[in-house]
Amino acid sequence: MMSTTPPIALTIAGSDSGGGAGIQADLKSFHARGVHGLSVIAAITSQNTRGVTAVHPVPLAHIRSQLAAVFDDFPIAAVKTGMLGNAAITRLVAREMHRRKPAWLVVDPVMIATSGSRLLTEDAIGAMVDKLIPLADLITPNLPEAEALLGRPIRTAKDFAQAGEDLLALGAGAVLLKGGHAKGGEVIDRLYDEQGVLELHHPRLRVEGHGTGCTLASAIAAELAKGASLRAAVRRAVDYVHRALAQSYRPGGGKVHVLRH
Ligand code: PLP
């Protein structure tokens, strides 16, 4: 007997050979949230729990052919982008998303790994802002990424309110400003959308998570693919990452923890 086909989501992102972040985290997250995951690999990192030792951007022609392969065959309900590596890849992905118009597009503006390695060249930030972000239903910057997008620090309550407004003005439908890099015993993630701001509070877990941002954006895409509203998708995904981080483990010699999906 054939069982029913789950909804289908696509990640366009970088590969983490250590299996904690990137494409590998996205596919685990899709699976855990009950969707079938497709992947277009934009860059290959040589990486473990101690850090990134090399980055190889995938040639544009091969990113294009991966996109053609998946869009020609699958009913893709939601797309998530992660590490895109450079400006040319960012522009290509933006052109393809403009042309293919997925029902949902979640853009995680990945720039720098927790270990400090650059995952997006400096000159690609302009392409991200001008070309990709205006197409997104949701962007999910962490605090350093939001500061890089706006070109100024975000510290005070007033800074946060203004940042929410100015990030929304970049043209995405909604902005999830993640609070993991802020200080304090609580992590506050803030969702800015046309309804205003929704704050999600969780107790801060004292572990250094690896792949949390990738997992969050892909869990949101999975919930959207299953038919949730944006606010419901964000709530469920934030809770999911918190639970997965509470059960995280250290698979290698580095101090980072990877999520248990
Ligand atoms: N490696 C790849 C391929 C990624 O896409 C990401 C995602 O942000 C990272 C590493 C960084 O992960 P983290 O900052 O959680 O260590």
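The values are calculated or read from the model by the stated rules, or taken from the named source; none is laboratory data. Note that the structure is a prediction, hence the values are computed from the model and not measured. Heads up, the Cβs are rebuilt from the backbone with ideal geometry, glycines too, and the neighbour counts pull from every protein chain shown.
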Seminar exercise, completed: Filtering segment 54-88 for residues that are in contact with a Ser or Thr (Cβ under 7 Å, 6 or more places away or on another chain) and charged (D, E, K, R) leaves a count of 1
For this session: Looking at (1) surrounded by 14 or more Cβ atoms within 10 Å (Cβ to Cβ); (2) touching a residue at least 40 places away in the same chain (Cβ under 8 Å); (3) over 17 Å from the mean Cα position of the chain (by Cα), find the lone condition where G116 falls short.
Result: (1)
Problem set entry | helices (runs of 4 or more DSSP H) enclosed by segment 109-197 - at least 2 residues per element that are farther than 27 Å from R243 by Cβ and away from the ligand (no atom under 16 Å from the Cβ) | 124-127, 157-168
Problem set entry | Given (1) near the ligand (Cβ under 10 Å from one of its atoms); (2) under 26 Å from I125 (Cβ atoms), number of the condition L10 does not satisfy | (1)
Problem set entry | Total residues in segment 123-142, condition hydrophobic (A, V, I, L, M, F, W, C), in contact with a Gly (Cβ under 7 Å, 6 or more places away or on another chain) and surrounded by fewer than 24 Cβ atoms within 10 Å (Cβ to Cβ) | 1
Problem set entry | Index of the failed condition, G179 passing every other in (1) loosely packed, with under 14 Cβ neighbours inside 10 Å; (2) at pLDDT below 95 | (1)
Problem set entry | Yes/no for S15 being part of a strand (DSSP E or B), within 11 Å of the ligand (Cβ to nearest atom) and touching a helix residue (DSSP H, G or I) at 6+ places or on another chain (Cβ under 6 Å) | yes
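In this structure, is D26 modelled with pLDDT of 95 or more, closer than 22 Å to L230 by Cβ and under 16 Å from the mean Cα position of the chain (by Cα)?
For D26, the condition - modelled with pLDDT of 95 or more, closer than 22 Å to L230 by Cβ and under 16 Å from the mean Cα position of the chain (by Cα) - is met.
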Exercise. Here is a list of conditions, (1) more than 14 Å from N142 (Cβ to Cβ); (2) part of a helix (DSSP H, G or I), and L205 meets all of them except one; can you say which number that is?
Worked result: (2)
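With small (G, A, S), more than 12 Å from the ligand (Cβ to nearest atom), crowded, with 18+ Cβ neighbours inside 10 Å and part of a helix (DSSP H, G or I) as the only criterion, which of A68, A88, A94, A25 stands out?
Residue meeting the stated conditions: A94.
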